[in-house]
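K.L.:
Quick one: structure below, then a few questions.
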Amino acid sequence: MTDLDDAYALCYERMKTHSATFSKAFHFLPVKQRRAVWAIYAFCRQADDIVDDEGEMFTKRRKLKAFEQQFDQMLVDKDVSQPEWLALKDVFNQFHVNPLDFKDQLKGQAFDLRTKRIVTVEELEQYSYFVASTVGLMLLPILAPKDHHALRESAIALGKGMQLTNILRDVGEDLQRGKIYLPLDLMNEYGVTEEQLKAGVVDQSFIDLWEAVARKAEHYYDQSLEQLDVYPNEAKFSVYGATIMYREILQAIRMEKYDVFSRKIYVDDQRKKEILAELRLTKDEHRQPL
(Lines give C-alpha, C1' and ligand atoms only; values in the text may rest on other atoms or scores of the structure.)
Protein backbone atom coordinates (compact mmCIF):
# COMPACT_ATOMS: atom_id res chain seq x y z
CA MET A 1 0.00 0.00 0.00
CA THR A 2 1.05 3.60 -0.54
CA ASP A 3 1.46 6.01 2.36
CA LEU A 4 -1.92 7.46 1.41
CA ASP A 5 -3.57 4.02 1.55
CA ASP A 6 -2.04 3.48 4.98
CA ALA A 7 -3.32 6.87 6.11
CA TYR A 8 -6.87 6.09 5.04
CA ALA A 9 -6.64 2.65 6.65
CA LEU A 10 -5.73 4.30 9.96
CA CYS A 11 -8.70 6.65 9.64
CA TYR A 12 -10.97 3.69 8.96
CA GLU A 13 -9.73 1.88 12.06
CA ARG A 14 -10.53 4.95 14.16
CA MET A 15 -14.05 5.03 12.76
CA LYS A 16 -14.67 1.30 13.10
CA THR A 17 -13.39 1.33 16.70
CA HIS A 18 -15.31 4.36 17.92
CA SER A 19 -18.49 4.36 15.80
CA ALA A 20 -19.66 1.05 14.40
CA THR A 21 -22.97 2.71 13.52
CA PHE A 22 -21.34 5.26 11.22
CA SER A 23 -19.00 2.66 9.80
CA LYS A 24 -21.87 0.38 8.81
CA ALA A 25 -24.08 3.19 7.51
CA PHE A 26 -21.48 4.51 5.08
CA HIS A 27 -20.58 1.06 3.81
CA PHE A 28 -22.82 1.67 0.79
CA LEU A 29 -20.68 4.50 -0.61
CA PRO A 30 -18.17 4.05 -3.44
CA VAL A 31 -14.58 3.67 -2.23
CA LYS A 32 -13.51 7.26 -2.99
CA GLN A 33 -16.35 8.78 -0.99
CA ARG A 34 -16.09 6.16 1.73
CA ARG A 35 -12.43 6.97 2.31
CA ALA A 36 -13.22 10.67 2.50
CA VAL A 37 -15.79 9.96 5.22
CA TRP A 38 -13.14 8.04 7.17
CA ALA A 39 -10.74 10.98 7.02
CA ILE A 40 -13.35 13.51 8.16
CA TYR A 41 -14.42 11.21 10.97
CA ALA A 42 -10.79 10.90 12.09
CA PHE A 43 -10.49 14.71 12.21
CA CYS A 44 -13.57 14.96 14.45
CA ARG A 45 -12.43 12.01 16.58
CA GLN A 46 -9.09 13.64 17.30
CA ALA A 47 -10.78 16.86 18.39
CA ASP A 48 -13.21 14.87 20.57
CA ASP A 49 -10.36 12.96 22.18
CA ILE A 50 -8.62 16.21 23.16
CA VAL A 51 -11.78 17.53 24.84
CA ASP A 52 -12.63 14.21 26.53
CA ASP A 53 -9.11 13.70 27.89
CA GLU A 54 -8.86 13.63 31.68
CA GLY A 55 -6.03 16.17 31.74
CA GLU A 56 -6.11 19.72 33.06
CA MET A 57 -8.36 22.25 31.33
CA PHE A 58 -5.48 24.54 30.41
CA THR A 59 -3.62 21.65 28.79
CA LYS A 60 -6.69 20.60 26.79
CA ARG A 61 -7.25 24.15 25.55
CA ARG A 62 -3.62 24.37 24.50
CA LYS A 63 -3.84 21.01 22.68
CA LEU A 64 -7.05 22.02 20.90
CA LYS A 65 -5.45 25.28 19.77
CA ALA A 66 -2.39 23.38 18.53
CA PHE A 67 -4.68 20.97 16.67
CA GLU A 68 -6.40 23.91 14.95
CA GLN A 69 -3.02 25.33 13.98
CA GLN A 70 -2.06 21.95 12.49
CA PHE A 71 -5.28 22.03 10.47
CA ASP A 72 -4.48 25.55 9.20
CA GLN A 73 -0.98 24.39 8.27
CA MET A 74 -2.36 21.37 6.43
CA LEU A 75 -4.44 23.69 4.25
CA VAL A 76 -1.39 25.56 2.97
CA ASP A 77 1.26 22.82 2.93
CA LYS A 78 1.84 20.91 -0.28
CA ASP A 79 3.62 18.06 1.49
CA VAL A 80 1.96 16.48 4.52
CA SER A 81 3.37 13.47 6.35
CA GLN A 82 1.23 12.77 9.45
CA PRO A 83 -1.29 10.07 8.39
CA GLU A 84 -4.55 11.73 9.45
CA TRP A 85 -3.54 15.04 7.87
CA LEU A 86 -2.29 13.25 4.74
CA ALA A 87 -5.70 11.64 4.25
CA LEU A 88 -7.59 14.86 4.98
CA LYS A 89 -5.36 16.80 2.60
CA ASP A 90 -6.30 14.31 -0.11
CA VAL A 91 -9.99 14.93 0.67
CA PHE A 92 -9.48 18.68 0.26
CA ASN A 93 -7.71 18.04 -3.05
CA GLN A 94 -10.56 15.89 -4.40
CA PHE A 95 -13.73 17.51 -3.04
CA HIS A 96 -15.06 21.04 -2.56
CA VAL A 97 -15.12 20.81 1.23
CA ASN A 98 -15.35 24.09 3.12
CA PRO A 99 -12.63 24.68 5.75
CA LEU A 100 -15.01 26.98 7.64
CA ASP A 101 -17.16 23.98 8.57
CA PHE A 102 -14.09 22.34 10.11
CA LYS A 103 -13.27 25.55 11.99
CA ASP A 104 -16.86 25.73 13.28
CA GLN A 105 -16.52 22.15 14.54
CA LEU A 106 -13.50 23.24 16.56
CA LYS A 107 -15.47 26.21 17.89
CA GLY A 108 -17.97 23.71 19.24
CA GLN A 109 -15.21 21.72 20.89
CA ALA A 110 -13.83 24.90 22.46
CA PHE A 111 -17.33 25.72 23.76
CA ASP A 112 -17.44 22.25 25.32
CA LEU A 113 -14.22 22.99 27.19
CA ARG A 114 -15.59 26.27 28.55
CA THR A 115 -19.05 25.02 29.52
CA LYS A 116 -20.17 22.45 32.07
CA ARG A 117 -23.86 23.29 32.01
CA ILE A 118 -26.34 23.97 29.19
CA VAL A 119 -28.87 26.52 30.47
CA THR A 120 -31.42 27.05 27.69
CA VAL A 121 -32.89 25.12 24.78
CA GLU A 122 -31.49 27.78 22.46
CA GLU A 123 -28.00 27.18 23.85
CA LEU A 124 -28.45 23.45 23.32
CA GLU A 125 -29.48 24.08 19.70
CA GLN A 126 -26.42 26.24 19.10
CA TYR A 127 -24.07 23.74 20.74
CA SER A 128 -25.56 20.89 18.69
CA TYR A 129 -25.02 22.86 15.49
CA PHE A 130 -21.34 23.48 16.18
CA VAL A 131 -20.40 19.99 17.37
CA ALA A 132 -22.65 17.88 15.14
CA SER A 133 -24.33 19.75 12.29
CA THR A 134 -20.90 20.86 11.13
CA VAL A 135 -20.02 17.19 10.60
CA GLY A 136 -22.93 16.88 8.17
CA LEU A 137 -21.82 20.04 6.40
CA MET A 138 -18.29 18.67 6.07
CA LEU A 139 -19.65 15.47 4.55
CA LEU A 140 -22.13 17.06 2.13
CA PRO A 141 -19.63 17.79 -0.68
CA ILE A 142 -18.60 14.12 -0.53
CA LEU A 143 -22.13 12.72 -0.38
CA ALA A 144 -23.74 15.13 -2.86
CA PRO A 145 -21.04 16.93 -4.86
CA LYS A 146 -23.51 18.68 -7.20
CA ASP A 147 -26.28 19.48 -4.73
CA HIS A 148 -24.54 20.04 -1.41
CA HIS A 149 -25.64 23.69 -1.17
CA ALA A 150 -29.30 22.70 -1.56
CA LEU A 151 -28.98 20.07 1.18
CA ARG A 152 -27.50 22.33 3.84
CA GLU A 153 -30.64 22.52 6.03
CA SER A 154 -31.09 18.75 5.81
CA ALA A 155 -27.53 18.16 7.04
CA ILE A 156 -27.94 20.66 9.86
CA ALA A 157 -31.15 18.96 11.01
CA LEU A 158 -29.59 15.48 10.92
CA GLY A 159 -26.61 16.66 12.95
CA LYS A 160 -28.86 18.17 15.60
CA GLY A 161 -30.95 15.02 15.82
CA MET A 162 -27.84 12.89 16.29
CA GLN A 163 -26.35 15.18 18.92
CA LEU A 164 -29.57 15.28 20.93
CA THR A 165 -29.61 11.49 20.75
CA ASN A 166 -26.03 11.36 22.03
CA ILE A 167 -26.99 13.62 24.93
CA LEU A 168 -30.01 11.48 25.82
CA ARG A 169 -27.91 8.31 25.73
CA ASP A 170 -24.92 9.72 27.64
CA VAL A 171 -26.60 11.44 30.62
CA GLY A 172 -24.83 9.26 33.17
CA GLU A 173 -21.48 9.26 31.41
CA ASP A 174 -21.56 13.05 31.05
CA LEU A 175 -22.37 13.46 34.74
CA GLN A 176 -19.21 11.53 35.58
CA ARG A 177 -17.31 14.11 33.54
CA GLY A 178 -19.01 16.96 35.40
CA LYS A 179 -21.25 17.86 32.44
CA ILE A 180 -25.02 18.33 32.14
CA TYR A 181 -26.34 18.89 28.63
CA LEU A 182 -30.03 18.59 29.43
CA PRO A 183 -30.99 22.30 29.47
CA LEU A 184 -31.75 23.81 32.85
CA ASP A 185 -34.90 25.57 31.62
CA LEU A 186 -36.38 22.24 30.48
CA MET A 187 -35.33 20.55 33.70
CA ASN A 188 -37.14 23.26 35.66
CA GLU A 189 -40.20 22.91 33.44
CA TYR A 190 -40.44 19.16 34.14
CA GLY A 191 -39.39 19.35 37.77
CA VAL A 192 -36.10 17.49 37.44
CA THR A 193 -33.25 18.57 39.72
CA GLU A 194 -29.50 18.21 39.34
CA GLU A 195 -29.47 16.13 42.52
CA GLN A 196 -32.00 13.75 40.95
CA LEU A 197 -29.75 13.30 37.92
CA LYS A 198 -26.71 12.65 40.08
CA ALA A 199 -28.68 10.06 42.06
CA GLY A 200 -29.70 8.33 38.81
CA VAL A 201 -33.41 8.56 39.60
CA VAL A 202 -35.64 7.47 36.72
CA ASP A 203 -39.16 8.62 37.58
CA GLN A 204 -41.99 10.06 35.53
CA SER A 205 -40.60 13.59 35.67
CA PHE A 206 -37.27 12.41 34.23
CA ILE A 207 -39.02 10.31 31.56
CA ASP A 208 -41.14 13.32 30.55
CA LEU A 209 -38.01 15.49 30.31
CA TRP A 210 -36.18 12.81 28.32
CA GLU A 211 -39.09 12.39 25.93
CA ALA A 212 -39.35 16.17 25.40
CA VAL A 213 -35.76 16.20 24.13
CA ALA A 214 -36.34 12.95 22.19
CA ARG A 215 -39.28 14.57 20.36
CA LYS A 216 -36.94 17.36 19.26
CA ALA A 217 -34.44 14.80 18.01
CA GLU A 218 -37.12 12.89 16.11
CA HIS A 219 -38.42 16.12 14.60
CA TYR A 220 -34.94 16.81 13.26
CA TYR A 221 -34.66 13.28 11.86
CA ASP A 222 -37.97 13.77 10.02
CA GLN A 223 -36.84 17.16 8.76
CA SER A 224 -33.53 15.78 7.51
CA LEU A 225 -35.27 13.07 5.47
CA GLU A 226 -37.56 15.52 3.66
CA GLN A 227 -34.78 16.11 1.11
CA LEU A 228 -33.54 12.54 0.88
CA ASP A 229 -34.45 12.32 -2.81
CA VAL A 230 -31.99 15.12 -3.60
CA TYR A 231 -29.03 12.93 -2.64
CA PRO A 232 -27.39 10.81 -5.36
CA ASN A 233 -28.45 7.18 -5.24
CA GLU A 234 -25.07 5.97 -3.94
CA ALA A 235 -25.30 8.35 -0.95
CA LYS A 236 -29.04 8.16 -0.33
CA PHE A 237 -28.90 4.80 1.41
CA SER A 238 -25.98 5.82 3.62
CA VAL A 239 -27.77 8.95 4.81
CA TYR A 240 -30.98 7.05 5.40
CA GLY A 241 -29.12 4.22 7.11
CA ALA A 242 -27.26 6.59 9.45
CA THR A 243 -30.55 8.30 10.29
CA ILE A 244 -32.54 5.21 11.16
CA MET A 245 -29.65 3.54 13.00
CA TYR A 246 -29.15 6.58 15.18
CA ARG A 247 -32.86 7.06 15.69
CA GLU A 248 -33.04 3.44 16.80
CA ILE A 249 -30.87 4.37 19.81
CA LEU A 250 -33.85 6.26 21.22
CA GLN A 251 -36.04 3.18 20.93
CA ALA A 252 -33.34 1.04 22.54
CA ILE A 253 -33.26 3.41 25.53
CA ARG A 254 -37.05 3.23 25.84
CA MET A 255 -36.84 -0.57 25.84
CA GLU A 256 -34.30 -0.35 28.68
CA LYS A 257 -36.76 1.75 30.71
CA TYR A 258 -34.76 4.99 30.30
CA ASP A 259 -31.82 3.81 32.43
CA VAL A 260 -29.17 6.10 30.94
CA PHE A 261 -27.28 6.28 34.24
CA SER A 262 -25.88 2.82 34.93
CA ARG A 263 -24.55 2.01 31.44
CA LYS A 264 -24.33 3.18 27.86
CA ILE A 265 -27.15 1.77 25.74
CA TYR A 266 -26.50 0.66 22.17
CA VAL A 267 -28.57 -0.74 19.35
CA ASP A 268 -27.82 -4.47 19.50
CA ASP A 269 -26.01 -6.19 16.65
CA GLN A 270 -29.08 -8.18 15.62
CA ARG A 271 -31.11 -5.00 15.10
CA LYS A 272 -28.25 -3.41 13.15
CA LYS A 273 -28.11 -6.48 10.90
CA GLU A 274 -31.87 -6.23 10.33
CA ILE A 275 -31.58 -2.55 9.39
CA LEU A 276 -28.69 -3.24 7.02
CA ALA A 277 -30.59 -6.13 5.43
CA GLU A 278 -33.61 -3.86 4.91
CA LEU A 279 -31.38 -1.24 3.31
CA ARG A 280 -29.71 -3.76 1.01
CA LEU A 281 -33.09 -5.12 -0.07
CA THR A 282 -34.35 -1.63 -0.77
CA LYS A 283 -31.18 -0.75 -2.67
CA ASP A 284 -31.31 -3.93 -4.74
CA GLU A 285 -34.92 -3.32 -5.65
CA HIS A 286 -34.12 0.30 -6.65
CA ARG A 287 -36.88 1.67 -4.47
CA GLN A 288 -36.90 4.88 -2.52
CA PRO A 289 -36.15 4.03 1.14
CA LEU A 290 -39.18 5.86 2.52
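The values are calculated or read from the model by the stated rules, or taken from the named source; none is laboratory data. None of these values were measured; they are calculated from a predicted model. No Cβ is skipped: glycine too gets one built from the backbone with ideal geometry, and neighbour counts run over all protein chains shown. Please note that ligands, DNA and RNA were not included when accessible areas were found on the heavy atoms of the full protein model with its side chains. Shrake-Rupley method; radii C 1.70, N 1.55, O 1.52, S 1.80 Å.
K.L.:
Can you find a residue that is within 30 Å of Lys236 (Cα to Cα), surrounded by fewer than 20 Cβ atoms within 10 Å (Cβ to Cβ) and among the hydrophobic types (A, V, I, L, M, F, W, C) anywhere in region 32-55?
P.N.:
No, region 32-55 has no match at all.
K.L.:
Here's something else I'd like to know. Out of all the residues in region 29-44, is one or more outside any helix (DSSP H, G or I) and at pLDDT below 95? Please lay out each step first, then the result.
P.N.:
Going through region 29-44, the residues outside any helix (DSSP H, G or I) turn out to be 29-30.
When the remaining residues are screened for being at pLDDT below 95, the result is 29-30.
Checking region 29-44: at least one residue is outside any helix (DSSP H, G or I) and at pLDDT below 95.
K.L.:
Let me ask another. Quick check: anything in region 127-138 open to solvent by less than 10 Å² (accessible area, probe 1.4 Å), among the aromatic types (Phe, Trp, Tyr) and in contact with a Gly (Cβ under 9 Å, 6 or more places away or on another chain)?
P.N.:
No, region 127-138 contains no residue that is open to solvent by less than 10 Å² (accessible area, probe 1.4 Å), among the aromatic types (Phe, Trp, Tyr) and in contact with a Gly (Cβ under 9 Å, 6 or more places away or on another chain).
K.L.:
Being out of contact with any Cys (no Cβ under 8 Å at 6 or more places or on another chain), without any contact (Cβ under 8 Å) to a residue 60 or more places away in the chain, under 17 Å from Lys24 (Cβ atoms) and not acidic (Asp, Glu) narrows it down to one residue among Ala212, Ala252, Ala235; which is it?
P.N.:
Only one candidate qualifies: Ala252.
K.L.:
Gln46 - would you say it is farther than 30 Å from Ala277 by Cα and within 18 Å of the chain's Cα centre (by Cα)? Lay out the reasoning, then the answer.
P.N.:
Details: farther than 30 Å from Ala277 by Cα: yes; within 18 Å of the chain's Cα centre (by Cα): yes.
For Gln46, the condition - farther than 30 Å from Ala277 by Cα and within 18 Å of the chain's Cα centre (by Cα) - is met.
K.L.:
Quick check on region 174-182. Is at least one of its residues assigned to a helix (DSSP H, G or I) and free of Cβ contacts under 8 Å to residues at least 24 places away in the same chain?
P.N.:
Yes, some residue in region 174-182 is assigned to a helix (DSSP H, G or I) and free of Cβ contacts under 8 Å to residues at least 24 places away in the same chain.
K.L.:
Does region 146-154 contain at least one residue that is among the hydrophobic types (A, V, I, L, M, F, W, C) and assigned to a helix (DSSP H, G or I)?
P.N.:
Checked region 146-154: no residue is among the hydrophobic types (A, V, I, L, M, F, W, C) and assigned to a helix (DSSP H, G or I).
K.L.:
Scanning region 4-23 for residues that are of a type in the set (D, E, K, R) and closer than 19 Å to Ala132 by Cα, which turns out most open to solvent (accessible area, probe 1.4 Å)?
P.N.:
That would be Lys16.
K.L.:
Now for a different question. Of all residues in region 197-209, which are without any contact (Cβ under 8 Å) to a residue 12 or more places away in the chain and either part of a helix (DSSP H, G or I) or open to solvent by less than 10 Å² (accessible area, probe 1.4 Å) (or both)? Give the derivation first.
P.N.:
In the first step, residues of region 197-209 are kept if they are without any contact (Cβ under 8 Å) to a residue 12 or more places away in the chain; the result is 199, 201, 203-204.
Once the filter is applied, which keeps residues that are without any contact (Cβ under 8 Å) to a residue 12 or more places away in the chain and either part of a helix (DSSP H, G or I) or open to solvent by less than 10 Å² (accessible area, probe 1.4 Å) (or both), region 197-209 yields Ala199, Gln204.
K.L.:
Check Glu226, Glu256, Glu211, Glu278 and return the single one that is of a type in the set (Asp, Glu) and modelled with pLDDT under 85.
P.N.:
Glu278
K.L.:
For region 55-76, does any single residue satisfy the condition of being touching a residue at least 60 places away in the same chain (Cβ under 8 Å) and part of a helix (DSSP H, G or I)?
P.N.:
The answer is no; no qualifying residue exists.
K.L.:
Which of the residues spanning region 130-152 are without any contact (Cβ under 8 Å) to a residue 40 or more places away in the chain and within 16 Å of Ile40 (Cβ to Cβ)?
P.N.:
Hits for region 130-152 are Phe130, Val131, Ala132, Ser133, Thr134, Gly136, Leu137, Leu140.
K.L.:
Given the options Thr165, Thr120, name the one that is within 26 Å of Arg247 (Cβ to Cβ), in contact (Cβ under 8 Å) with a residue 60 or more places away in the chain and in contact with a Pro (Cβ under 7 Å, 6 or more places away or on another chain).
P.N.:
Checking each option against the conditions leaves just Thr120.
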